[in-house]
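Heads up, the thing below is written out as structure tokens.
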Amino acid sequence: MEGIETALIVPVPEAEDAVGAYRARYDSAARWGVPAHVTALYPFVAPDALTPDVLDAVRETVGATPRFSVEFTQVSWFGEQVAWLAPRPDAPFRALTEALWARFPDHPPYGGAFADVVPHLTIGHDVPADALRGAAAAVTARLPLRAEPREVWLMVGAPEPDSWHTAARFAFGAA
């Protein structure tokens, strides 16, 4: 399989009922097998570089992050191309991404494409705006969603249907 990558994500299973059907249609990551989530660090190290030392460093970094609760209270937009749920507070996600990036400085979030890495849970992207607006309205009717993230998943896969799988799980520290 070509193009195999890794990602560190915070799964948000509490959001699946509200966003799952829309993500299946409008978010390629869902079709690849990635659950509803907030990205912690992507792209991460190459799959062949996932050594015990790397996994230990992730475990230590995530373990130093206290558990937290979050609400998703509104749909937000990146232009008209991406509809997403905004976590509140977003500070725990920002702190996690910053801590992982500090530990792995050769792997900036989103390859360094964005000056401000905005924590978000994607509903859909890069489809007709009318479709995204319909999905956003339907999801808005199901808000707020409350979640209590407990771990970070290391996922590995390629941009192909059902190719992504969870390779490791790392628990947050005590609240």
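Can you give the charge dipole size of the chain about its Cα centre, rounded to the nearest 20 debye, using +1 on the beta carbon of Lys and Arg and -1 on the beta carbon of Asp and Glu?
The dipole magnitude comes to about 520 debye.
Could the peptides 126-133, 26-33 be put in order, highest first, of the mean number of other beta-carbon atoms found within 10 Å of their residues?
In descending order of packing, they fall as 26-33, 126-133.
With a probe of 1.4 Å, find how much accessible area region 1-119 has per residue, and write the answer as a whole number in Å².
Value for region 1-119: 48 Å² per residue.
Test of understanding: given the chain, find the longest segment containing no GluC sites (Glu not before Pro) that are in a DSSP loop and have at most 14 other Cβ atoms within 10 Å. Walk me through the numbers before you get to the answer.
On the way: sites that count: Glu2, Glu80.
Answer from the scan: 81-175.
Quick check for you: with a 1.4 Å probe and neighbouring chains kept, what is the accessible area per residue of region 122-175, in Å²?
So region 122-175 comes to 50 Å² accessible per residue, rounded to a whole number.
How many percent of Cα pairs in region 15-67 exceed 17 Å?
54 percent
If each residue of separation counts as 0.36 nm, what is the full-extension length gain between Glu98 and Trp77 once their alpha-carbon separation is subtracted?
Value of the extension gain: 5.3 nm.
Could you check which residue among Pro161, Pro35, Pro92 shows the biggest mean-square fluctuation in a GNM of the chain with a 10 Å Cα cutoff?
Among Pro161, Pro35, Pro92, the largest GNM mean-square fluctuation belongs to Pro161.
For the chain, give me the percentage of DSSP beta bridges that are antiparallel, rounded to the nearest 5 percent.
Numbers: 29 of 30 bridges.
If I count the DSSP bridges inside the chain, around 95 percent turn out antiparallel.
Report in % the part of the accessible area of the chain that belongs to carbon and sulfur, leaving out ligands and nucleic acids; probe 1.4 Å.
Here carbon and sulfur together make up 54 percent of the probe-accessible area.
Using a simple charge model, +1 on the beta-carbon of Lys and Arg, -1 on the beta-carbon of Asp and Glu, nothing else, what dipole does region 11-69 show about its Cα centre, in debye to the nearest 20? Walk me through the intermediate numbers first.
Working: 5 positive and 8 negative charges, 47 e Å.
Around 220 debye, computed over region 11-69.
The values are calculated or read from the model by the stated rules, or taken from the named source; none is laboratory data. On a predicted model such as this, the values are computed, not experimentally measured, just so you know. All Cβ positions, even for glycine, are placed from backbone atoms using ideal geometry, and neighbour counts span all protein chains on display. The area values use the complete protein model at the heavy-atom level, side chains included, leaving out ligands, DNA and RNA. Shrake-Rupley method; radii C 1.70, N 1.55, O 1.52, S 1.80 Å.
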